[in-house]
Amino acid sequence: MFFVCMLMPASISILVEKKIIKKKMDNSDLILKYLFYTFLITTVMNTLFFIFDNDRSSYYTSSTFTYDFCIKYTWISLLISAVIPYILKVISANININLEIKEKSKDEKTKVSKKRSTKKSLKNN
């Protein structure tokens, strides 16, 4: 039951994301997305479990995974897995990061190296 609770919701997230994006993904993209969603959903569920758990000492013991707990965990994680792709889509649509990398020209590099060599020669005298 543990593996079903932890690993199944990520596949729902991938299905929802495929419906949103409507483009075909490579197998490597699917695997990376699956691992990302598994991590994200498990982190959210662990946080919720930690916040709302009354008995803090029974954090994921073997007695925790009762049938009742697994049903609740699965339904809540399925709801979260259906919502997370929409949240990520909104975030990625509104946040844009551009990186610009500039290289120094060869003239600037030679000037800097000439200055360094003259300073070295002055120090040696």
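The values are calculated or read from the model by the stated rules, or taken from the named source; none is laboratory data. It should be emphasised that the depicted structure is a prediction, and the values quoted were computed from it without experimental measurement. When we count neighbours, we look across all protein chains shown, and the Cβ atoms used for this are built from the backbone with ideal geometry, even at glycine. Ligands, DNA and RNA are excluded from the accessible area calculation, which covers all protein heavy atoms including side chains. Shrake-Rupley method; radii C 1.70, N 1.55, O 1.52, S 1.80 Å.
What do you reckon, how do 12, 97 stack up by accessible area (1.4 Å probe), largest on top?
The most accessible residue leads, giving 97, 12.
Report the full-extension gain for the segment residue 52 to residue 100: residue separation times 0.36 nm, less the Cα-Cα distance, to one decimal in nm.
Difference between extended and current length: 12.8 nm.
With a 1.4 Å probe and all protein chains kept in place, how do 71, 101, 14, 51 rank by accessible area, largest first?
Final ranking, largest accessible area leading: 101, 51, 71, 14.
Determine the alpha carbon to alpha carbon distance for each of 24/89; 33/89; 24/72 and list only those over 25 Å.
Going by Cα-Cα distance, 24/72 fall outside the 25 Å limit.
Subtract the Cα-Cα distance of residue 35 and residue 71 from 0.36 nm times their separation in residues, and report this length gain in nm to one decimal.
10.7 nm
Please work out the FRET efficiency for the pair residue 89 and residue 26, using the Cβ-Cβ distance as r and a Förster radius of 22 Å; give the result to the nearest 0.05.
Given R0 = 22 Å and the Cβ-Cβ separation, E is 0.70.
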